[in-house]
Amino acid sequence: MITIISCTNRQDSMTLKVAQLYQQLISAKADNVKLLSLLGKNVYERNDELKQIEAEYLIPAEKIVFVMPEYNGSFPGILKLMMDNSDIKKCWWHKKAMLVGVADGRGGNLRGIEHMTNILHYLKMHVLYNKMPLSRINDEISAEGEWLRPGTLKAINEQIDEFIKF
């Protein structure tokens, strides 16, 4: 199973739109793809809701896609809270990860991607070398939720193909 995590709890985020587009693209190439949005999720402590998220999305996943917006040069604290409160051995150890950064600026959350890479290595995860920094995201996706730039879509499909083989 592949789990895609929209790594923010912010309403109406571009991150969720990107995660949904990744879900469509990956589902066309692989079976059993699930999307986990952190919007409205109570992961501030180890509780029944977090245990349900683990059971449904994290523990059964062999591969995890992190779609992460840029928050102050890194990624959202809600993601780190979820990870810190989870059963790290069951949820993260020895699984494969793919990283996607989302930002309206020009960096595509490169700092957050590198920060998360270090954390995932600490959690004994294998991180795909092809990381996708999506810059100026409001110019990349239409109001209808479709990719506007063919070159970006081509690069994303190459990343997904590599991840499926990974």
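None of the figures in this text is laboratory data; all of them are computed from the coordinates on show. The model shown is predicted, which means the values in this text are computed figures rather than measured ones. When we count neighbours, we look across all protein chains shown, and the Cβ atoms used for this are built from the backbone with ideal geometry, even at glycine.
Given axes a ≥ b ≥ c from the Cα gyration tensor, I'd like to know whether segment 32-76 is rounded (a/c under 1.5), prolate (a/b larger than b/c) or oblate. Cα axes put segment 32-76 in the oblate bin. Sorting 115, 126 by the number of Cβ atoms found within 10 Å of their own Cβ, with the fewest placed first, yields 126, 115. Annotation: amide H-H contacts under 5 Å for residue 9 (H modelled 1.01 Å from N, sequence separation of 5 or more, or interchain): none.
Highest GNM mean-square fluctuation among 15, 152, 117, for the chain modelled with Cα contacts below 10 Å: 152. Between residue 36 and 4, 5, 6, the built amide H atoms are under 5 Å apart, and every one of these is 5 or more places off in sequence or on another chain.
The GluC sites (Glu not before Pro) of segment 89-166 that DSSP puts in a loop, and whose beta carbon has at most 12 other beta carbons within 10 Å, are 144, 146. Among the listed pairs 17/131; 131/165; 124/154; 51/165, a Cα-Cα separation exceeding 26 Å is found for 124/154; 51/165. Contact order for segment 18-166, expressed relative to its length and based on alpha carbon pairs under 8 Å spaced 6+ residues apart, stands at 21 percent. Of the DSSP H helices in the chain, those that are both long (alpha-carbon extent of 15 Å or more along the helix axis) and hydrophobic (Kyte-Doolittle mean at least 0.0) are 14-27. Stretching residue 85 away from residue 106 to a fully extended chain increases their span by 4.3 nm, per 0.36 nm per residue minus the current alpha-carbon distance.
FRET efficiency for the residue 47 to residue 1 pair, using the beta carbon distance and R₀ = 22 Å, is estimated at 0.40. Placing +1 on the Cβ of each Lys and Arg and -1 on the Cβ of each Asp and Glu in the chain, which of 103, 38, 132 has its Cα farthest towards the positive end of the resulting dipole? Comparing the listed Cα positions along the dipole, 132 ranks first.
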